[in-house]
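The values are calculated or read from the model by the stated rules, or taken from the named source; none is laboratory data. All values derive from a computational prediction rather than experimental measurement. Here Cβ is always computed from backbone atoms with ideal geometry, including for glycine, and neighbour counts include all displayed protein chains. Note: accessible area is taken over every heavy atom of the protein model, side chains too, but ligands, DNA and RNA are not part of it. Shrake-Rupley method; radii C 1.70, N 1.55, O 1.52, S 1.80 Å.
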Amino acid sequence: MKNQPPELKRIERFVIEYPRSDLGRKDWNKRFSLNSIYSGKPRNERRGDANEWHSICAAAMLKAKIPKKPFCKPVKVTFYWNDGLDVDNHAYMGKMIVDGMKGWLLSDDTKRYFKQVTHAFHSENYILVEVAEI
């Protein structure tokens, strides 16, 4: 039918708070930047980081009242940062956040479900994560 509105695409957003103090944020950046991986972070610490980020993501999605209902269509994920790191230094955190969304917003992070990731800056004092159908 000609006059039907286009199908709306699903978009979900949630916020991850940064540490409140300057010292806390400095430590956060040191622990979770991609540079921490390049400097040889041990596997057990990386596993601990992943577990911590999975918990952070679950708490943020609960707070945002996002249902545990993975997208059926492929998605793009956009991260908005404001922590003083270079934009490319967020890859490690982005990976852990994406993994934390598996089973909640993402069925999996394979190319069948997860098609695009973008890292950008904003001026807010939190990480904004946006997951949108494409």
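For residue 104, are the conditions met, namely being open to solvent by less than 60 Å² (accessible area, probe 1.4 Å) and either outside any helix (DSSP H, G or I) or touching a Cys at 6+ places or on another chain (Cβ under 9 Å) (or both)?
Considered against the rule, which asks whether it is open to solvent by less than 60 Å² (accessible area, probe 1.4 Å) and either outside any helix (DSSP H, G or I) or touching a Cys at 6+ places or on another chain (Cβ under 9 Å) (or both), residue 104 comes out as yes.
Does the stretch 59-68 include one or more residues that are of a type in the set (A, V, I, L, M), under 24 Å from residue 106 (Cα atoms) and open to solvent by 80 Å² or more (accessible area, probe 1.4 Å)?
Yes.
Would you call residue 42 surrounded by fewer than 10 Cβ atoms within 10 Å (Cβ to Cβ) and either on the phi < 0 side of the Ramachandran plot or touching a Lys or Arg at 6+ places or on another chain (Cβ under 8 Å) (or both)?
For residue 42, the condition - surrounded by fewer than 10 Cβ atoms within 10 Å (Cβ to Cβ) and either on the phi < 0 side of the Ramachandran plot or touching a Lys or Arg at 6+ places or on another chain (Cβ under 8 Å) (or both) - is met.
Going residue by residue through the stretch 42-53, is there one that turns out to be acidic (Asp, Glu) and within 26 Å of residue 134 (Cα to Cα)?
The answer is no, given that none of the residues of the stretch 42-53 is acidic (Asp, Glu) and within 26 Å of residue 134 (Cα to Cα).
For a quick check of your reading of the model, give me the residue pairs whose first member lies in the stretch 76-91 and is in contact (Cβ under 8 Å) with a residue 24 or more places away in the chain, whose second is open to solvent by less than 20 Å² (accessible area, probe 1.4 Å) and charged (D, E, K, R), with beta-carbon atoms closer than 9 Å and at least 6 apart or on different chains.
If the second residue must be open to solvent by less than 20 Å² (accessible area, probe 1.4 Å) and charged (D, E, K, R), the pairs left are 90/83.
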